[in-house]
Amino acid sequence: MQIKKQGSTQKVVGKIDGQPIYAPQLGITNGEWQNGYGTPSDGQDTNNKNQPVRKLTKDAKQLIIYFSRSGSTELLAGMIEEKTSADILEVVVKNPYPGVYQKTLERANLERENNNYPELNMQLPDLSQYDTIFLGYQIWAMHLSHPMNSFLTTFGQLLSGKRIAPFMSEGGYGQGDSVQQIQEILCEQGASQNTFTQALVVDGNKVDRSKLQVAQWIAKINK
């Protein structure tokens, strides 16, 4: 499979808090995409040339917390922001994953085998004003992606009492056990009285065609 890597000519597919979103896998066929195999990083998850997305206001009651590697999950987060005016917090790892898919896969496999997930490089704001937390992540090997696992392990106790709205991009095999993992990690970290909405699940190469699905999901959980 050949997917054009990020460059000066790569199309901007959306914006989040004013920053451009790139996602080279959007628009290609399922056959070309091969369930996400080989999809390169969009370069934004390293935050070497851009600041991590962090929009915090005094009045918002909803907060989007997300990690994105190839841009698909970030585009979903941007759509949710547009519909809800929620605050946003990007999950940032201390040692970024490689841009090359195969190298990221090797690292992710080792992390999963050794139960050694990435250290984060971020600070969590006071969450007391928020009643709903949108959690955005990817499905890696039918599990919760490792950066989100690290986020919940590090900060899970601070999510007590929050309504959790999971949204994810995946490779065509569904959400796996990711929601159950979130519930288990929160419980292990001492969080309590959480409620969960139905999850939003979108194929990673079709996020740009999911605006109606996102709008319907938000309307359902916010009614």
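The values are calculated or read from the model by the stated rules, or taken from the named source; none is laboratory data. Quick caveat: nothing in here was measured; it's all calculated off a predicted structure. All Cβ positions, even for glycine, are placed from backbone atoms using ideal geometry, and neighbour counts span all protein chains on display. The protein model used for the area step is the full one, side chains on, heavy atoms only, and it has no ligands, DNA or RNA in it. Shrake-Rupley method; radii C 1.70, N 1.55, O 1.52, S 1.80 Å.
Here are some residues: GLY176, GLY171. Which one is at pLDDT below 95, surrounded by 15 or more Cβ atoms within 10 Å (Cβ to Cβ) and on the phi > 0 side of the Ramachandran plot?
GLY176
Could you tell me which residue of segment 110-122 is nearest to PRO52 (Cα to Cα), considering only residues that are open to solvent by 50 Å² or more (accessible area, probe 1.4 Å) and either in contact with a Leu (Cβ under 9 Å, 6 or more places away or on another chain) or outside any loop (DSSP other than H, G, I, E, B) (or both)?
So the residue we want is ASN116.
Can you name the condition, by its number, that GLY190 falls short on among (1) in contact with a helix residue (DSSP H, G or I) (Cβ under 6 Å, 6 or more places away or on another chain); (2) crowded, with 16+ Cβ neighbours inside 10 Å?
Unmet for GLY190, out of (1) in contact with a helix residue (DSSP H, G or I) (Cβ under 6 Å, 6 or more places away or on another chain); (2) crowded, with 16+ Cβ neighbours inside 10 Å: (2).
Taking the conditions exactly as written (more than 19 Å from GLN198 (Cα to Cα), touching a helix residue (DSSP H, G or I) at 6+ places or on another chain (Cβ under 6 Å), aliphatic (A, V, I, L, M) and modelled with pLDDT of 95 or more), does LEU127 satisfy them or not?
For LEU127, the condition - more than 19 Å from GLN198 (Cα to Cα), touching a helix residue (DSSP H, G or I) at 6+ places or on another chain (Cβ under 6 Å), aliphatic (A, V, I, L, M) and modelled with pLDDT of 95 or more - is met.
Looking at the structure I just gave you, is LEU135 in contact with a helix residue (DSSP H, G or I) (Cβ under 8 Å, 6 or more places away or on another chain), open to solvent by less than 30 Å² (accessible area, probe 1.4 Å), over 18 Å from GLN175 (Cβ atoms) and modelled with pLDDT of 90 or more?
No: the conditions fail for LEU135.
Can you give me the number of residues within segment 138-154 that are more than 18 Å from GLY174 (Cα to Cα) and either part of a loop (DSSP other than H, G, I, E, B) or open to solvent by 30 Å² or more (accessible area, probe 1.4 Å) (or both)?
2
Using the structure shown, decide if ALA215 is in a helix (DSSP H, G or I), under 18 Å from GLY78 (Cβ atoms), open to solvent by 10 Å² or more (accessible area, probe 1.4 Å) and free of Cβ contacts under 8 Å to residues at least 40 places away in the same chain.
no
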